[in-house]
Structure formats: structure tokens, C-alpha cells
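See below for the structure under consideration.
The values are calculated or read from the model by the stated rules, or taken from the named source; none is laboratory data. Predicted model, so just to flag it, every value in this text is computed and none were measured. Cβ placement follows ideal geometry from the backbone for every residue including glycine, while neighbour counts extend to all protein chains displayed. These accessible areas exclude ligands, DNA and RNA; they are computed on the full protein's heavy atoms, side chains included. Shrake-Rupley method; radii C 1.70, N 1.55, O 1.52, S 1.80 Å.
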Amino acid sequence: MRLGVVLEAFVDRTLDDTLELLSSGAPQVTGLEVGIGGFAPAPHCDAARLLSDDGARREWSSRIEERGFVVSALNVSGNPLAPDPAVARRHDEELRNAVLLAAALGVERVIAMAGCPAGAAGDRTPHFDAGGWLPYLAGIGERQWENVAAPYWHETAEFARREHPELVICIELHPGTCVHNTETFERLAAISDNLAANLDPSHLFWQRMDPLAVVTTLSRIGHAHAKDVVFNEGELAVNGLLDRRWSPTDAGAPWTFATVGRGHDAAWWRRFLSALADRGVETVSIEHEDPTVPVEQGIGSAAELLANSIPAEVA
């Protein structure tokens with residue numbers, strides 16, 4: 001099992017600076033999950049240039065390989081189902097470019113999100129269906145799936161199979177999208193066997209799901225993230241899980257993302273990595289979004305804890 005890192009944590013650094021920092025501060029990390037589009041900036045990889053220029057692609061790859069790293073995945077987490085046509089068009093193009101670039105680089109994992117469409121015709125913003133118990137919410141999720149999400153992912157999975165037969169598109173189970181738990185993922189997985197889960201336990205923790213149960217239940221897992229969660233019990237008691245504050249930037253929210261080990265101890269992470277290994281997951285990427293810990297410190301401590309937790313037979 002390889003340890004990787006999501007490069008989004010280093011958007012303010014050049015690729016070379018990032019590789020130097022990882023070599024010295026997190027030597028257990030050898031995999032890079034490189035962002036090439038979607039919601040986050042992508043300063044470490046100009047996908048359009050690498051697709052159009054073989055020499056530039058070879059030079060970029062050599063810089064990474066000479067430092068002892070491999071590109072374990074390309075990340076293009078966005079919303080190709082967005083009601084805004086410009087956003088949907090851009091995120092769809094970036095997802096397709098990720099498939100094409102993965103084929104050119106020999107990378108077999110693309111990390112994405114399932115997206116979230118409008119709630120009804122004419123809506124200008126996405127509508128996340130988190131429960132239809134009020135009349136004005138009833139049926140939205142079913143319509144979104146049948147009319148928008150399912151057709152899009154049928155076509156996209158077929159495109160990926162044509163262009164890169166070995167590729168698996170790994171969809172993160174992320175609230176705010178039409179795939180956020182086991183039930184919604186299995187609906188997606190039924191479309192094609194080149195669609196798998198990217199399992200980030202932090203999103204399961206704050207939904208009060210059990211990642212260890214989810215690992216054994218999901219039909220297909222292609223990749224995983226390592227990110228923890230801590231609960232602020234006082235705030236949780238009075239404002240609950242659905243508080244509107246954005247936890248990566250507000251340490252006083254009812255729950256916040258956390259460096260690996262701050263919310264769950266090494267024994268828990270050892271069980272999680274063992275369960276992932278049993279499912280054939282080859283790379284776990286550290287994702288840093290802890291509002292209280294500097295990125296260099298967070299990734300370094302996460303890498304040390306995780307490296308000591310990987311089962312010996314897959315280390």
C-alpha cells in the first residue's frame with residue numbers, strides 16, 4: 001500500500017517546492033494526487049499543455065520521477081452537472097482531459113465527484129437532496145438522478161472505457177453531491193464497472209456513518225483519502241451536524257476536518273488501512289484541511305502515523 005498526498009494542500013507552492021518539502025518532511029509519501037481542474041486551483045499541472053506537447057509531458061513526468069515520486073491519481077473534483085452551463089461545460093471538459101491525460105501518463109485512477117444538478121428547470125444553483133420529508137423537497141433526488149446524473153455518468157463511463165480501458169474513475173462520497181453514502185454510490189456503481197468509490201472517512205464521520213462498515217459494504221473501492229474529524233461537543237449539542245459554518249476555516253464549528261490522529265487514534269487507522277488493503281486499495285492519499293494545524297506539520301504527522309499503521313503484508 002502506497003501513501004500519497006493530495007497536492008491541493010500546496011496550491012501556494014510550486015511543484016518543485018512541494019516535492020522538496022515532501023521529501024524532507026514526509027519521506028513516507030511517494031504518491032502524488034495531482035489536481036488538474038474542478039473546484040480547486042491546479043498550479044502543479046497544466047493539463048492542456050501536457051496533452052498537446054509530448055516533450056512538456058515527458059519533462060513534467062521526469063521531474064516527479066527523479067525525486068522518487070509517482071503520480072498515483074489525477075484529481076478533478078468539480079460539478080459537471082451544474083445548472084450554470086459555463087461551469088458544467090468547464091468541469092466536464094476538465095474531467096475528460098483528466099481521462100485523456102491519465103491515458104497518456106499511464107495513470108489508472110482519476111478522482112472526481114458525482115456532481116449536483118438543479119432541483120428544477122430554471123434553477124440557477126445546484127440543489128442537494130438530503131431528505132424529502134417536506135412537500136417542496138419530495139421527489140427532487142429521483143428526478144435529478146433519472147434526468148441528469150444517470151445519463152451523464154453512463155456516457156462518461158463509456159468515454160473513459162474507450163479512451164483508457166484500464167482507468168477507474170473514483171467518485172468521492174461527498175455530501176452536496178448526488179453520491180454521498182453507500183446507497184447513492186451503489187446506484188452509480190451499477191452503471192459501469194469502471195466507476196468506483198474514493199473513500200474519505202472524514203465525510204463519513206461527520207454524517208455519523210461508520211467507515212469500517214462502509215469499507216466492507218461498498219461493492220467497489222478504487223482509492224482512499226486519509227482525513228480525520230473532531231467534534232466540538234458544546235457546539236454540536238446546540239447547533240448539530242448541519243450547522244452552516246465551513247469547517248475547514250472555522251475551528252469553532254460543531255465539527256471540523258482534522259489531521260489524521262486528532263479525531264481517531266492510531267489503532268483505528270490501523271483497522272481502516274487493513275480493511276482497505278483487504279479490498280485491494282493500493283494508494284491512500286493524505287488530504288490536509290485542518291484549520292488548526294499548519295499543512296507541513298499536519299502532513300508530516302499523518303504520514304508517520306499512517307506508515308506505522310499499514311499492515312506488514314502490504315507495506
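Given in Å, the Rg to one decimal and the Dmax to the nearest whole number for the Cα atoms of region 41-82 are 12.4, 39.
Over all directions, the projected convex hull of the C-alpha atoms in region 251-315 averages 4.6 nm² in area. How large is log10 of I(q)/I(0) for region 96-234 at q = 0.11, 0.19 Å⁻¹ when the intensity is taken from the Debye formula with one equal scatterer per alpha-carbon? Normalising to I(0) and taking log10 leaves -0.44, -1.15. Along the axis of the charge dipole computed for the chain (Cβ charges of +1 for Lys and Arg, -1 for Asp and Glu, origin at the Cα centre), the listed residues I299, T256, L241 are led at the positive end by L241.
Modelled spin labels at R143 and D84, positioned 7 Å past Cα toward Cβ, are 2.3 nm from each other. Per-residue accessible area (protein heavy atoms, 1.4 Å probe) orders H154, H223, H264 as H154, H264, H223, starting from the largest.
Put a dot 7 Å past the Cα of Q207, heading toward its Cβ, do the same for T292, and the two dots end up 2.5 nm apart. Calculated from the alpha-carbon coordinates, the chain shows an Rg and a Dmax of 19.0, 59 Å respectively. The accessible surface of region 5-69, taken with every protein chain in place and a 1.4 Å probe, is 45 percent carbon and sulfur. Of the trypsin sites (Lys or Arg not before Pro) found in region 237-315, those that fall in a DSSP loop while having at most 10 other beta-carbon atoms within 10 Å are R244. One quarter of the surface of the convex hull around the alpha-carbon atoms of region 196-271 equals 5.4 nm², the direction-averaged projected area. Here the average projected area of the convex hull drawn through the C-alpha atoms of region 157-247 stands at 6.7 nm².
Helix screen, the chain: DSSP H segments with Cα axial length of 24 Å or more and mean Kyte-Doolittle hydropathy at least -0.5 are 85-105. Based on Cα contacts under 8 Å between residues 6+ apart, the chain shows a relative contact order of 17 percent. Normalised size of region 163-312, defined as Cα radius of gyration per 2.2 N^0.38 Å with N residues, equals 1.06. A DSSP coil position with no more than 15 other Cβ atoms inside 10 Å describes the following chymotrypsin sites (Phe, Trp or Tyr not before Pro) in region 232-275: W246.
With the other protein chains left in place, how much accessible area per residue, in square angstrom, belongs to the chain at a 1.4 angstrom probe?
On a per-residue basis, the chain sits at 43 Å².
Entry note, the chain: the mean residue ellipticity at 222 nm calculated from DSSP H runs of n ≥ 4, each adding -39500 (n - 2.57), is -11500 deg cm²/dmol after division by the residues and rounding to the nearest 500. Taking all protein chains together and rolling a 1.4 Å probe, T249 ends up with roughly 110 Å² accessible. Give me the percent of accessible area attributable to carbon and sulfur for region 170-315, probe 1.4 angstrom. Using a 1.4 Å probe with all protein chains present, region 170-315 comes out at 49 percent carbon and sulfur. Given a Förster distance of 30 Å, report the FRET efficiency between D12 and A48 from their Cβ-Cβ distance, rounded to the nearest 0.05. With a Förster radius of 30 Å, E is 0.85. Derived value for region 1-116: Kirkwood hydrodynamic radius 14.5 Å. Basis is the mean of 1/r over every pair of different alpha-carbon atoms.
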